[in-house]
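The values are calculated or read from the model by the stated rules, or taken from the named source; none is laboratory data. It should be emphasised that the depicted structure is a prediction, and the values quoted were computed from it without experimental measurement. Reconstructed Cβ throughout: ideal geometry from the backbone, glycine too, with neighbour counts over all protein chains shown.
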Amino acid sequence: MMNKRKILCVALAGMIVFPSFLSNAAGVEADTKGNVRTKDEVIYATLKANGDLGSIYVVNTLEVAQAGEILDYGSYSSVKNLTDLTELQQEDENVRFDAEKGKFYYQGNMEEGTDLPWDVKVTFLLDGREIEPAELAGESGQLEIIMETSENKEVESVFFENYLLQISLMFPNSYQNLEAAGAMLANAGKNKQITFTVMPGQEEKLAVKAEVKDFEFQGVEIAAVPSTLPIDTSGTENMTEDMGQLSDAIKQLNEGVAELQDGVAQMNSGAASLRDGSAQYNNGINKLSGSSPEIVHASSSIQDALRKINAGLSGDAAEIDLSSLNKLPSGLLQLAEGLTETANGLSSLQKNYALAYGALDGSIKEIPANQLSEEEIAALYQSGADSESLDKLVATYAAAQKVKGTYANVEQAFAAVEPALQQVDGAVREMSGALTSIANEISASLKETDLSGLSELQKGIEALSSNYGAFHSGLVSYTGGVSELSSSYAQLHSGIVQLTDGTSELNKGVGELQDGTEELYQETKDLPNQMQEEINKMIQEYDKSDFQPVSFVSPKNENISSVQFVIKTESIKKTEKQTKKAEPEKKKSFWELLKALF
């Protein structure tokens, strides 16, 4: 009975296949090149869990233009017809078969030792410790999977340079704390699909981390296809235009910083002049203040001498010793000389003060009065300049504005000092001249005058003694003011020195800032063209629209339309604790047996 069924099945199969033999017998000549319009290759590769290469087979799809004998090429260990029952004849790299018009599929198992264009390495870490994949099934803890792809130098580089890799793996949603930098995550039912993209010509190291429980893994899937990323360059004009505006803004910033540097340099020069003039004035006022006690002491001695002379002349004329009056002219002349020296000192002080005050006034007025807003200061910090230099710039700017404001409040007091010095100098010179005249008149009178002329001499000395008291009081007040001015100005001079140090640091900092903005401008002045060049470079690197596929299995194959790779690592499964009982084989019906033939 079984033999009859087998004969009947073979007979029916022969009836179905028979027309193909008739078509071949019709006299259509085999044109191995013209008969195949296009050919597609899909390479399926199985890797071990750690990425080591396993078996490789290829599914070939040929678009047959007209029925006839077909010749294809490939280094296969074995071949299998996936279209019909036609036998495939294999000899070395030649694969011959008869095919109808349309699509014809056959499988070729690659010979052992065939390599893929990429080397793949998969490493598993559990709680920071590397672990063999076989030991991972059913484990729990912090899992990290590291996937590395690199070029296999033993294979033609055309695939590595032109093919994009999509690396995907699936984790259950129950896994916690999932991390996959650079990956695209998508929900797939109860699972989370993790997909990485590796661009053509790139070698990557990718990692996925998660808290796993009772671990099982379907494996890593890698699809390699020619890069067909659509690169739309229509928007690059707007991008380059924006870069042009940025370049112009950097240019304006650089010019503004250059102007700022010029202003700061002028301010620093003025501050240095201010410091030097202030130092001269400070030294002069200190010397004047130091000599004030001597002046007051000398004036007090003259006042006492005048009082004694006046008292002596007020007595009985018969008792007056005229010989002692002979000393009075010399004393008055010495006092006159002392006052002249004082006047000379005051004159020198007045000149130095005028120079110092002029330098002080001019330098402070050179400090720009423009106020920087908080927005302008914030814009400086956002410009990318050195923050330390900007801190010094802002601090010195604040100090300079403070000095300018303080000077505006005391400017009238400074302006009043020079006229006061001129008035005191004139008064002292007048007194010196008066004393000299008195001394000369007394000296002449003593030579010619007898006791009858003493009355006039007494009146003159009395008037001189009385007026000198008022002069001495004014001189004491003046020296007290000079002492206070000396003490107060010492503090102001210290501030001016600190200001000059600050402006010097500011000048240095702004100089460095200007160097930085100048370098930035030089680097970005051609930014639009540079950006366009980078865009063109990127397009050349990733736009593979002109790529012509080549056969993976043999360079002899022509009319290649598509070559793709499907690569998958072994899964990690827990072993079943109980083995199921084998079910008895169910007998197949006639139609099932007939269907199995095809």
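Of note:
- Count of the stretch 130-142 residues which are in contact with a Phe, Trp or Tyr (Cβ under 8 Å, 6 or more places away or on another chain) and not in a loop (DSSP other than H, G, I, E, B): 2
- Yes/no for residue 171 being buried (at least 19 other Cβ atoms within 10 Å of the Cβ), part of a strand (DSSP E or B) and in contact with a Ser or Thr (Cβ under 6 Å, 6 or more places away or on another chain): no
- Residue within the stretch 169-187 that is touching a residue at least 40 places away in the same chain (Cβ under 8 Å) and closer than 18 Å to residue 48 by Cα present: yes
- For the stretch 243-262, the criterion of being modelled with pLDDT of 70 or more, of a type in the set (Lys, Arg) and touching a Lys or Arg at 6+ places or on another chain (Cβ under 8 Å) is met by at least one residue.
- Residue satisfying condition, being surrounded by 17 or more Cβ atoms within 10 Å (Cβ to Cβ) and of a type outside the set (A, V, I, L, M, F, W, C), within set 68, 54: 68
- Within the stretch 174-229, the set of residues being hydroxyl-bearing (Ser, Thr, Tyr) and surrounded by 14 or more Cβ atoms within 10 Å (Cβ to Cβ) comprises 175, 195, 197, 227.
- Meets criteria (of a type in the set (D, E, K, R), out of contact with any Gly (no Cβ under 9 Å at 6 or more places or on another chain) and at negative phi) for residue 93: no
- Residues located in the stretch 186-206, provided they are in contact with a Ser or Thr (Cβ under 9 Å, 6 or more places away or on another chain) and part of a strand (DSSP E or B): 186, 193, 194, 195, 196, 198, 204, 205, 206
- Inspection of the stretch 344-363 identifies at least one residue that is modelled with pLDDT of 75 or more, loosely packed, with under 15 Cβ neighbours inside 10 Å, over 27 Å from residue 412 (Cβ atoms) and assigned by TED's automatic domain parsing to the domain that holds residue 468.
- Checked against (1) farther than 13 Å from residue 356 by Cβ; (2) at pLDDT 70 or above, residue 298 passes all but a single condition, namely (2).
- Among the conditions (1) modelled with pLDDT of 95 or more; (2) outside any strand (DSSP E or B); (3) of a type in the set (A, V, I, L, M); (4) under 20 Å from residue 213 (Cβ atoms), residue 145 misses just one, which is (2).
- Residue 168 falls short on exactly one of the conditions (1) modelled with pLDDT under 95; (2) under 30 Å from residue 226 (Cα atoms); (3) polar (S, T, N, Q), and that condition is (1).
- Residue match in the stretch 572-593 (condition: under 30 Å from residue 215 (Cα atoms), buried (at least 16 other Cβ atoms within 10 Å of the Cβ) and modelled with pLDDT of 65 or more): yes
- Inside the stretch 433-482, residues that are at pLDDT 70 or above and in a loop (DSSP other than H, G, I, E, B) make up a count of 0.
- Any hit, the stretch 225-240, residues being modelled with pLDDT of 75 or more and of a type outside the set (Gly, Ala, Ser): yes
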